[in-house]
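Notes follow once the structure below has been shown.
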Amino acid sequence: MARVENILTKSVDSIRSEQARISSRINQLGDRLETQSFNLEQIRTLADSSIRKTEQLADDFISRHITDALFKEFTRLYATLSHVEKSEECKTLAEDIERFLGDHGLILIQPKLGDPFDPRQHHPIKRRDAEDNMLRGRIARTFHPGLIRDQRIIQPALVEVFTEPNQNSQKEA
C-alpha cells in the first residue's frame, strides 16, 4: 500500500509539475500573442499614416504642378494688365485665378503703388529716385506678384522701390 501511495504521489507530483510547465508555457504564449497583437496594431497605424502621407504628397505634387503653371500664366496676365486698362472680363479672370490659388492654400503677394517695401515679401529689381521722403521705402511698381504657401514665401513679388535720390549710382538692383 505504501508503494502504491508512493507511486500515486509521484504521479500527482509529476502531473502537477507538467501542469505548471504547461501553464507557464501558456502564459508565455499569451505574452507573445499580446506582443504580436501590439506589433500588428503599430504596423497598421504606420501603414495608415504612410497612406495618408503618400496621398498628401500626391495631392501636393499635383497641386504644385497645376498651381505653378497657373501662377506663371497669372504672372504673364498680371504683367500684361499692368500696361493696359483692365476690362471687367480681365478683372474677373484675375479674381478667378486668385480664388483658385487661395483654394489651394496659396496667397498672392500683390503690392500696390505706395505700399511699404517688405524685404521678406518683395524683391527689388529696380530703384526709382524719390524727392518726397514719404515715398522712400515704398513700392513704385510691381512687375510680378509673389506667392505664399503655409506662411512661407514661395516667390517674392518683383518690385521697383522708391529710394533717396542718388542713393546708388546704379539704378538696377
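We did not get these values from a lab; they are worked out from the coordinates using the rules stated. Please read these numbers as outputs of a predicted model, since none were measured by experiment. For neighbour counting, all protein chains shown are included, and Cβ atoms are generated from backbone atoms with ideal geometry for every residue, glycine included.
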Here the stretch 27-38 yields Karplus 3J(HN,Hα) values (6.51, -1.76, 1.60; θ = phi - 60°; whole Hz; Gly and Pro given as x) of 4, 4, 5, x, 5, 5, 4, 5, 5, 5, 5, 4
Give me the number: length gained by fully extending L8 to I153, i.e. 0.36 nm times residue separation minus the C-alpha to C-alpha distance, one decimal in nm.
43.6 nm
Which residue, I51, I109, I26, has the most motion in a Gaussian network model of the chain that connects Cα atoms within less than 10 Å?
I26
GNM flexibility winner over the chain from Q36, Q110, Q56 (Cα, springs under 10 Å)
Q36
Which of F117, F74 comes first, and how do the rest follow, when ranked by fewest Cβ neighbours within 10 Å?
F117, F74
Calculate, for M134 and Q110, the FRET efficiency according to 1/(1 + (r/R0)^6) with r their C-beta to C-beta distance and R0 25 Å; round to the nearest 0.05.
0.70
Using a 10 Å cut-off on Cβ atoms, rank the peptides 98-108, 37-47 from the highest mean neighbour count down.
98-108, 37-47
